[in-house]
Amino acid sequence: MQKGSDAFQKLTQSFFSQNKLSVSDKGEATATVYVDGSDNSQSLTKKLRSKVPAWQLESFEKSTAPLHTLASKTGPVWVLRPQFFDLENQISGHYDKLKPSNYGRARDLAGQWLRQTKDWPADAIHFEFLNCDDDQILGVWVGLGLAQYKFTDVVRAATSKMVKKAPLFHFTKGTKEFAEELADEADALISSINISRHLTNMPGGDLNPKTFADIAKNLFKNRKSTKVDVWEASELKKEGMGLLLGVGAGAEHPARMIHIRYRPAGSKGLKPRAFVGKGITFDTGGLDIKPSSGMRWMKKDMSGAGTVLALAHYVSSRQLAVPCDFYLAVAENCVSAEATRPGDIHIARNGKSVEIHNTDAEGRLALADALDVAVTQKGKDEPAEVIDVSTLTGAMRVSLGLDVAGYFSNSDDLSDELERASREAGELAWRMPLVKKYKNQLNSNFADLSNCSDSGFGGAISAAIFLEYFVREKPWAHFDVMSWNNSPAGAMSEGGNAQSLQILARYLENLG
C-alpha cells in the first residue's frame, strides 16, 4: 500500500465497519458449545447425555481437560471449561499476584477455541452457559470477538477478495436473559482492543502523524461528550515542545499532539484522569540507526498511543462517569539532513534542557512534553493523576519477558489500584522500582540532563526516572509494554495485542 493511497482509506474503513462480534437470536444453530463454569457440573452431564454417545460421555467424565470436541447427530458439540484452563499458571501465580482471573481464563480459552475451529463449516453456533458468573461470560464474549480479528482478513476485505464470514453466535444462560450492561461492556472491550491492535498492525508507510490524527478525528466525530484537538507543528513550537518537535524533525510529516477530551454528563466537580501515549509511527532509530533486525517491527512503536486512543474509545462508548483527557504524542523518527543529531540540545516544555545522547531513545522525549501538557492543566481540568503507556525499552523485555507489562509509579495508592485491575482483567503487570540512585545516569555536562544512559544497566528504570522529571510530582504511573505477539496466544493472533488496555479499562470501571 502506498502512502496516502486509496488502499489506506479502504483498509481503515473496512476495519471500522466490521469491528463487532456477530450475534443473532434468529436462525438455526448447526453446532453447540457448552461453557461450564463449575468444577463438577451435573447439569452439564445431563445436557450431554441427551446429545452424545455413551462412550464419549464416559471419556469426558474422566477428564479435566479445558476443551472437549464431541459429536452428535445434529452436529459438533464442544465443551469449554475455563476453570481447568491454564492450571499450571493458576498454581504458580506468585502468591496470587499473577494468578489468572476467571475473566482472563474464559477469554483466552474461548479465543483459542475459535482460532482453532474458525474454518469449521457452521453458519451459526449456539452457546449455552452453565454455572458461569458474569466475569466468565464476559470473558467468553470478549475472547470470541478478539479471535475474529486478523489483519490479513481486513486487508482481503478492503481489496474485495473473498473472506470467509465468521458464524453467527446465539447465547443463552438457562432461562435467564443476559444483562444489557454486560453485553455493552463486551462490545466496548472488543472494539477498543481491536482498534489498538489494528493501528499497531498498520504499515508505517500508511500510519504517519498526519493519518493518525485523521483517524482520531474521524473516530470521534459527533461522539457524545468527546472532543478532539490536534496540535500541529506551529502549535507545538508556540507551546515550547522542543523535545517532541526534535523527535519528528527528520520526517516528511511533522510531529503532532492529539488531545481527546472526554467530559460525560454528571461529572462536574470531578477531577479528570489523564493518559499519555507514545506514538512513534515508525522508529528507524534516527541517526543512531537501528540494525535491520531491530527495525523490522518498528511500525509497532506507536502502540502506546494506539492503546490510549482505544481507551478513549472505550470510555466514550461506555459513557463512563469518569472525566478523562487523552494525549497522543505522535512523531516519526527518521534519518535525514534535518534529523536530530547526537549531542544536540533541545528545550522541553517545562524549561529543562536535554542533551541527546542517543537518537534511538526518542520515545521518552515525545512523552515528556506531552506529560507536561497533561499535568499543567488548571482549574477544573487539573488531573487527579496521569498514566502513560509506551513501548519504551528493550530492557523491560529482558526483565519481564514479552507477556508481562512492567510499570512504575510514584504513588502506592495508584499502584495498588492498577495491580487490582491487572488481576481482574487477566493481563499480567508488575511494579518496578524507581531507584533514585540511578538519576546520576542521566547527568550531562552540557544540559540539565541527558536523554539516556550508556551504562547498559537498569535501562528501563533510568527511562522511567527521565519521565518522572516531567510529571511535576503528580500521582503518576508509567507502563513500559511490548504490545506485540510474535505468535498466536490465547484469544489473539500474531501482531499487535493492545497490552495494558484491559488493565486501564478495568481501572476506570472500578473508579465508576
**Q.** Close pairs (6 angstrom Cβ cut-off, 6 or more residues apart or separate chains): farther than 20 Å from GLN136 by Cα in the stretch 175-204, part of a helix (DSSP H, G or I) and of a type in the set (A, V, I, L, M, F, W, C) anywhere
**A.** ILE195/ALA310; SER196/ALA310; SER196/LEU501; HIS198/PHE15; ASN201/PHE151
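Could you please find all residues in the stretch 363-401 being under 16 Å from ILE503 (Cβ atoms) and in contact (Cβ under 8 Å) with a residue 40 or more places away in the chain? Give the derivation first.
Narrowing the stretch 363-401 to residues under 16 Å from ILE503 (Cβ atoms): 385-391, 396, 400.
Those that are under 16 Å from ILE503 (Cβ atoms) and in contact (Cβ under 8 Å) with a residue 40 or more places away in the chain: GLU385, VAL386, ILE387, ASP388, VAL389, SER390, THR391, MET396.
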Q: Evaluate the stretch 123-137: report whether one residue or more is surrounded by fewer than 24 Cβ atoms within 10 Å (Cβ to Cβ), part of a loop (DSSP other than H, G, I, E, B), in contact with a Gly (Cβ under 8 Å, 6 or more places away or on another chain) and at pLDDT below 80.
A: yes
Q: Would you check which residues across the stretch 398-456 are assigned to a helix (DSSP H, G or I) and among the aliphatic types (A, V, I, L, M) and list them?
A: VAL398, LEU400, LEU414, LEU418, ALA421, ALA425, LEU442
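Could you please let me know if LEU114 is closer than 25 Å to LYS150 by Cβ and in contact with a Gly (Cβ under 8 Å, 6 or more places away or on another chain)? Explain how you work it out, then say what you get.
Numbers: closer than 25 Å to LYS150 by Cβ: yes; in contact with a Gly (Cβ under 8 Å, 6 or more places away or on another chain): yes.
Taking the combined requirement at face value, the residue satisfies it.
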Q | Residue list for the stretch 211-262, filter: in contact (Cβ under 8 Å) with a residue 60 or more places away in the chain and of a type in the set (Lys, Arg) | A | ARG223, LYS224, ARG256, ARG261
**Q.** Among (1) within 26 Å of ALA147 (Cβ to Cβ); (2) surrounded by fewer than 22 Cβ atoms within 10 Å (Cβ to Cβ); (3) aromatic (Phe, Trp, Tyr) - the single one PHE457 does not satisfy
**A.** (1)
Q) Which strands (runs of 3 or more DSSP E) does the stretch 324-378 wholly contain that include 2 or more residues that are buried (at least 24 other Cβ atoms within 10 Å of the Cβ) and touching a His at 6+ places or on another chain (Cβ under 9 Å)? A) 324-333
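Tell me whether the stretch 168-177 contains one or more residues that are at pLDDT below 95, part of a helix (DSSP H, G or I) and not aromatic (Phe, Trp, Tyr). Lay out the reasoning, then the answer.
Going through the stretch 168-177, the residues at pLDDT below 95 turn out to be 168-177.
Right, trim to part of a helix (DSSP H, G or I) and you get none.
Within the stretch 168-177 (the criterion being at pLDDT below 95, part of a helix (DSSP H, G or I) and not aromatic (Phe, Trp, Tyr)), the answer is no, since none of the residues qualifies.
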Q. Would you pick out the residues in the stretch 186-231 that are outside any helix (DSSP H, G or I), in contact with a helix residue (DSSP H, G or I) (Cβ under 8 Å, 6 or more places away or on another chain) and not hydroxyl-bearing (Ser, Thr, Tyr)?
A. MET202, PRO203, GLY204, ASP206, LEU207, PHE220, ARG223, LYS224, VAL228, VAL230
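I'd like to check something: does the stretch 287-295 contain any residue that is within 30 Å of ASP187 (Cα to Cα) and either open to solvent by 10 Å² or more (accessible area, probe 1.4 Å) or touching a residue at least 40 places away in the same chain (Cβ under 8 Å) (or both)?
For the stretch 287-295, residues within 30 Å of ASP187 (Cα to Cα) and either open to solvent by 10 Å² or more (accessible area, probe 1.4 Å) or touching a residue at least 40 places away in the same chain (Cβ under 8 Å) (or both): absent.
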Q: Output the number of residues of the stretch 432-441 satisfying the condition of being open to solvent by 80 Å² or more (accessible area, probe 1.4 Å) and under 26 Å from ILE193 (Cα atoms).
A: 0
Q) Which of the residues spanning the stretch 390-426 are within 25 Å of GLY512 (Cα to Cα), among the polar types (S, T, N, Q) and surrounded by fewer than 18 Cβ atoms within 10 Å (Cβ to Cβ)? A) ASN410, SER411, SER415
(Q) Looking at the stretch 49-66, I want the residues that are closer than 26 Å to ASP86 by Cβ and have a partner that is open to solvent by less than 80 Å² (accessible area, probe 1.4 Å) and assigned to a loop (DSSP other than H, G, I, E, B) with Cβ atoms under 7 Å, at least 6 apart or on another chain. Which pairs are those? (A) PRO66/ARG81; PRO66/PHE85
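What do you reckon, is LEU501 among the aliphatic types (A, V, I, L, M) and surrounded by fewer than 21 Cβ atoms within 10 Å (Cβ to Cβ)? Please lay out each step first, then the result.
On the way: among the aliphatic types (A, V, I, L, M): yes; surrounded by fewer than 21 Cβ atoms within 10 Å (Cβ to Cβ): no.
The answer is no for LEU501.
Return yes or no: is ASN443 of a type in the set (S, T, N, Q), under 24 Å from GLY242 (Cα atoms) and free of Cβ contacts under 8 Å to residues at least 24 places away in the same chain? Steps first, please.
On the way: of a type in the set (S, T, N, Q): yes; under 24 Å from GLY242 (Cα atoms): yes; free of Cβ contacts under 8 Å to residues at least 24 places away in the same chain: yes.
The answer is yes for ASN443.
Restricting attention to the stretch 43-53, does a residue exist that is under 32 Å from the mean Cα position of the chain (by Cα), modelled with pLDDT of 85 or more and open to solvent by less than 40 Å² (accessible area, probe 1.4 Å)?
Residues of the stretch 43-53 under 32 Å from the mean Cα position of the chain (by Cα): none.
Taking every residue of the stretch 43-53 in turn, none turns out to be under 32 Å from the mean Cα position of the chain (by Cα), modelled with pLDDT of 85 or more and open to solvent by less than 40 Å² (accessible area, probe 1.4 Å).
Taking only the stretch 224-243 into account, find how many residues are open to solvent by 10 Å² or more (accessible area, probe 1.4 Å) and either over 23 Å from the mean Cα position of the chain (by Cα) or more than 26 Å from THR376 (Cβ to Cβ) (or both).
At the first step, the residues of the stretch 224-243 found to be open to solvent by 10 Å² or more (accessible area, probe 1.4 Å) are 224-235, 237-240, 242.
Add one more test, that the residue is either over 23 Å from the mean Cα position of the chain (by Cα) or more than 26 Å from THR376 (Cβ to Cβ) (or both), and what stays is 224, 231-235, 237-240, 242.
Selection size over the stretch 224-243: 11.
The values are calculated or read from the model by the stated rules, or taken from the named source; none is laboratory data. Remember, it's a predicted structure, so these values are computed and weren't measured experimentally. Note: ideal-geometry Cβ built from the backbone for every residue, glycine included; neighbour counts use all protein chains shown. The area values use the complete protein model at the heavy-atom level, side chains included, leaving out ligands, DNA and RNA. Shrake-Rupley method; radii C 1.70, N 1.55, O 1.52, S 1.80 Å.
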